[in-house]
Amino acid sequence: MAYGRSIVAVVLVVIGALLSAAWAISVTAVRSIEDGTAGDALVASVLESPQSADVVADQVIGALDEALDTPVAQAALALAEQQVRDAVVTVVSSDVVSELIREGGSRAKDRLLDELTDPDRQPGAFVLRVDLSERINARLGEVPVIGGLLPAIQLPALTVEVISAEAFEDLRGLFAVMKTIATWGLWVAVVTVAAGIAVSRRWVVFGARALAGVGAFAVVLSLVLGSMGPSALAGLMPGGRDGGAGVLVEDLLADVALEPITHTLMVLGLVVGAGAGIWWAAVRAARTRRPGRGDDESPAGDQRRDEPGAGPVDLRTTSS
């Protein structure tokens with residue numbers, strides 16, 4: 001029976017430690033998504049990637065080739081194609097367009113949260129659309145030699161599949177779970193650890209050890225997460241880097257939330273560890289103040305020990 005109580009106590013403390021770590025991760029991840037910092041990082045990484053610039057450059061060359069109706073103009077475009085491409089890449093990566101991207105990204109990050117939490121959303125990819133026609137046309141007019149010959153063009157909106165349909169559905173379910181853990185996880189962890197301590201046979205000593213174990217686990221987890229790169233962490237997630245958890249780690253949290261997560265875990269571990277130290281110091285102090293068993297320091301006790309007859313009775317003496 002006592003052995004079974006010890007096992008139950010340890011299991012409850014381990015569950016509490018896991019829940020406390022899950023809370024620290026969830027509360028930081030949910031906050032970064034809700035305040036838009038994760039969405040901003042995702043939008044910026046997509047729109048400023050070389051792949052996006054190549055897509056826009058191909059669209060521009062194709063649109064200009066159709067718009068130029070004279071052989072001379074088309075020949076000039078062929079000679080200056082690299083200059084046009086460079087101009088497009090400059091536009092996509094310039095500070096001016098970064099501002100335009102932030103405006104589009106602001107709507108995108110709001111839509112990201114809406115689509116993550118919308119119960120009526122149909123399954124599908126999370127797609128980003130940004131119109132760059134005005135900025136592109138302004139920059140093309142500055143291209144040396146042929147800038148004045150290039151007509152204004154209307155480009156289709158840059159459409160990028162940011163998160164695949166399957167991964168986004170996984171991410172929606174994961175976000176709902178993390179939202180619940182962020183709200184209730186810490187309280188459940190505290191109750192679980194307290195229950196484990198209460199079940200233990202020697203709860204006074206076990207309590208300090210339990211808190212020390214929870215604190216050490218949080219600190220070690222913080223160090224491990226901090227030492228691993230986002231790609232390595234994403235690869236360890238269920239479904240790998242292409243799954244919902246992998247996308248969450250590598251695309252949404254890597255640049256903006258991984259460091260706050262490790263910081264939260266470290267603070268949690270140090271606080272709980274300090275609580276274990278205080279608990280243990282209180283136990284030691286209580287034991288030091290408490291008189292030892294069998295030590296009676298009262299005068300009456302001394303007198304009883306010194307009185308004749310206080311010890312064993314000698315029957316031979318009594319009979320005589």
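Given the conditions (1) exposed (fewer than 13 other Cβ atoms within 10 Å of the Cβ); (2) without any contact (Cβ under 8 Å) to a residue 12 or more places away in the chain, report the number of the one that THR159 does not fulfil. With respect to (1) exposed (fewer than 13 other Cβ atoms within 10 Å of the Cβ); (2) without any contact (Cβ under 8 Å) to a residue 12 or more places away in the chain, THR159 is out only on (2).
Out of ALA57, ALA75, ALA41, ALA29, which single residue is more than 26 Å from ILE163 (Cα to Cα), part of a helix (DSSP H, G or I) and modelled with pLDDT of 70 or more? Spell out how you get there, then give the answer.
Values: ALA57 fails: more than 26 Å from ILE163 (Cα to Cα); ALA41 fails: more than 26 Å from ILE163 (Cα to Cα); ALA29 fails: more than 26 Å from ILE163 (Cα to Cα).
Sole residue among the options that is more than 26 Å from ILE163 (Cα to Cα), part of a helix (DSSP H, G or I) and modelled with pLDDT of 70 or more: ALA75.
What are the residues in the stretch 176-214 that are in contact with a Phe, Trp or Tyr (Cβ under 7 Å, 6 or more places away or on another chain) and part of a helix (DSSP H, G or I), if any? Write out each step before concluding.
Taking the stretch 176-214 first, the residues in contact with a Phe, Trp or Tyr (Cβ under 7 Å, 6 or more places away or on another chain) are 181-182, 185-186, 189, 197, 200, 207-208, 211.
Within the stretch 176-214, ILE181, ALA182, GLY185, LEU186, ALA189, ILE197, GLY207, ALA208, LEU211 meet the criteria.
Close contacts from the stretch 209-230, counting a first residue that is farther than 23 Å from VAL10 by Cβ and a second that is of a type in the set (S, T, N, Q), with Cβ to Cβ under 8 Å and a gap of 6+ residues or different chains, come to LEU223/THR262; LEU225/THR262; GLY226/THR262. Out of curiosity, is VAL10 in a helix (DSSP H, G or I) and at pLDDT 70 or above? Criteria met by VAL10. In the stretch 187-210, the residue that is nearest to ARG31 (Cα to Cα) out of those that are open to solvent by 30 Å² or more (accessible area, probe 1.4 Å) and at pLDDT 90 or above is TRP187. Would you check if LEU47 is at pLDDT 80 or above, surrounded by 14 or more Cβ atoms within 10 Å (Cβ to Cβ) and touching a Leu at 6+ places or on another chain (Cβ under 9 Å)? Answer is no for this residue.
Return the residue satisfying two criteria in turn: it lies in the stretch 110-145 and is among the basic types (Lys, Arg) and buried (at least 17 other Cβ atoms within 10 Å of the Cβ), and of such residues it is nearest to the chain's Cα centre (by Cα). Of everything passing the filter in the stretch 110-145, ARG135 is nearest to the chain's Cα centre (by Cα).
Results for (1) touching a Leu at 6+ places or on another chain (Cβ under 8 Å); (2) farther than 28 Å from GLY124 by Cα; (3) of a type outside the set (D, E, K, R), shown as yes or no for each residue.
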{"position": "THR159", "(1), (2), (3)": "yes, no, yes"}
{"position": "SER164", "(1), (2), (3)": "no, no, yes"}
{"position": "GLU169", "(1), (2), (3)": "no, no, no"}
{"position": "GLY173", "(1), (2), (3)": "no, no, yes"}
{"position": "VAL188", "(1), (2), (3)": "yes, yes, yes"}
{"position": "ILE197", "(1), (2), (3)": "no, yes, yes"}
{"position": "ARG202", "(1), (2), (3)": "no, yes, no"}
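Checking each residue in the stretch 1-40 for being in contact with a Leu (Cβ under 7 Å, 6 or more places away or on another chain) and open to solvent by 70 Å² or more (accessible area, probe 1.4 Å) picks out only GLU34.
Here SER231 clears all of (1) at pLDDT below 85; (2) surrounded by 15 or more Cβ atoms within 10 Å (Cβ to Cβ); (3) part of a helix (DSSP H, G or I) except the condition numbered (2).
The values are calculated or read from the model by the stated rules, or taken from the named source; none is laboratory data. Bear in mind the structure is a predicted one, so any value in this text is a computation, not a measurement. Note: ideal-geometry Cβ built from the backbone for every residue, glycine included; neighbour counts use all protein chains shown. Accessible surface is based on the protein model in full, side chains and every heavy atom, while ligands, DNA and RNA are left aside. Shrake-Rupley method; radii C 1.70, N 1.55, O 1.52, S 1.80 Å.
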